[in-house]
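Read the structure below first, then the notes.
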Amino acid sequence: MSSSAIADPIGFIQANTRLRAVPLVPEVVLHVADEALPLWSKTEEELGEAGLPPPFWAFAWAGGQALARYVLDHPEDVAGKQVIDLASGSGLVAIAAMKAGAHKVTAFDIDGFAREAILVNATANGVAIEVCGDDLLAGPHPLPAQTVLAGDIFYQQDIAGLAFDFLHGRAAQGARVLIGDPGRYYLPKDQLVQLASYGVPVTRELEDSEIKHTGVWTLKPSRP
């Protein structure tokens, strides 16, 4: 989705969301929508396009909430480090990493609205985040990172496979990989180790329950 077709994307975000504390991570505030479908429809109307992806940037998804909570409670995984946040969405996890003492966080998202929302949310939380629209799943990327964070990325088969390949490749380079996910179908649990579990408050419009049991995972060590 390109936000460039709207003259004032930041104004659009601010007009269609409310600044709220994240339920599981009250240390972080985000511009979030009250409902998904009206915002989705309004985005398509403003851009003059149909069939756009959902506005992932406008909600605090379960995996992102759990991963942000874990990062704040375990700052040693990011403190003083260069961090990549894959498919950052609202920027929740990236913001948590900065609050936990990361040296630098680069939030990657191919959605133009998401990149605008990340900057707006970072400002609201008093942190500075680098934002990049490069597709990390399209091939090798030169940006170094000691920690790679990925929330809610295993929801679709083709994306899940590419995401796992990317994360596995970064782990092979020595990066600490942390994944937040409520156990969606394409999460490769047999290749992961669960580090923590949370009951995450979510909306029934997005999930199948009001409390989503969500894990934080890392990759199993590769056998020599």
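The values are calculated or read from the model by the stated rules, or taken from the named source; none is laboratory data. Everything numeric here is computed off the predicted structure, so don't read it as measured data. Glycine gets a Cβ as well: all are built from the backbone with ideal geometry, and neighbour counts include every protein chain shown. SASA here: full protein model, heavy atoms, side chains in, ligands and nucleic acids out. Shrake-Rupley method; radii C 1.70, N 1.55, O 1.52, S 1.80 Å.
Please give the contour-minus-distance gain from ASP8 to ASP73: 0.36 nm per residue of separation, less the Cα-Cα distance, rounded to one decimal in nm.
Stretched out fully, the ASP8 to ASP73 stretch lengthens by 19.8 nm.
Which value, in debye to the nearest 20, gives the size of the charge dipole of the chain about its Cα centre, when Lys and Arg are +1 and Asp and Glu are -1 at the Cβ?
For this selection, approximately 880 debye.
Roughly speaking, to the nearest percent, how much of the chain's 1.4 Å accessible area is carbon and sulfur?
52 percent
Which whole-number percent gives the relative contact order of the chain, counting Cα pairs below 8 Å spaced six or more residues apart?
Contact order relative to length: 19 percent.
Which order do the peptides 167-174, 100-107 take when ranked by the mean count of other beta-carbon atoms within 10 Å per residue, highest first?
The densest-packed peptide leads the list: 100-107, 167-174.
Mind checking which of LEU67, VAL78, THR214 is farthest towards the positive end of the chain's charge dipole, using Cβ charges of +1 (Lys, Arg) and -1 (Asp, Glu) about the Cα centre?
Among LEU67, VAL78, THR214, the one farthest towards the positive end of the dipole of the chain is VAL78.
Starting from the Cα of LYS212, draw a straight line to each of the lysines and keep only those under 27 Å, dropping any in the same chain fewer than 8 residues away.
Reachable lysines: LYS99, LYS189, LYS220.
For segment 79-182, what does the accessible surface come to per residue with a 1.4 Å probe? Please give it in Å².
37 Å²
Whole Å is fine, so just give me how far the alpha carbon centre of segment 97-111 lies from that of segment 157-206.
Centre-to-centre distance over Cα atoms comes out at 17 Å.
Using a Förster radius of 25 Å, what is the FRET efficiency between HIS103 and SER197 based on their Cβ-Cβ separation? Nearest 0.05, please.
Calculated value: 0.30.
Would you mind counting up the charge near ALA138? Only other residues with Cβ under 13 Å from its Cβ, with Lys and Arg at +1 and Asp and Glu at -1.
-4
If you place +1 on the Cβ of every Lys and Arg and -1 on the Cβ of every Asp and Glu, how big does the dipole about the Cα centre of segment 66-154 come out, in debye to the nearest 20?
It works out to roughly 240 debye.
Per DSSP H run of n ≥ 4, the term is -39500 (n - 2.57); total these for the chain, divide by its residue number, and report the mean residue ellipticity at 222 nm rounded to 500 deg cm²/dmol.
-9500 deg cm²/dmol
Which whole number of Å³ per residue matches the convex hull of the alpha-carbon atoms in the chain?
Taking only Cα atoms, the chain has a hull volume of 117 Å³ per residue.
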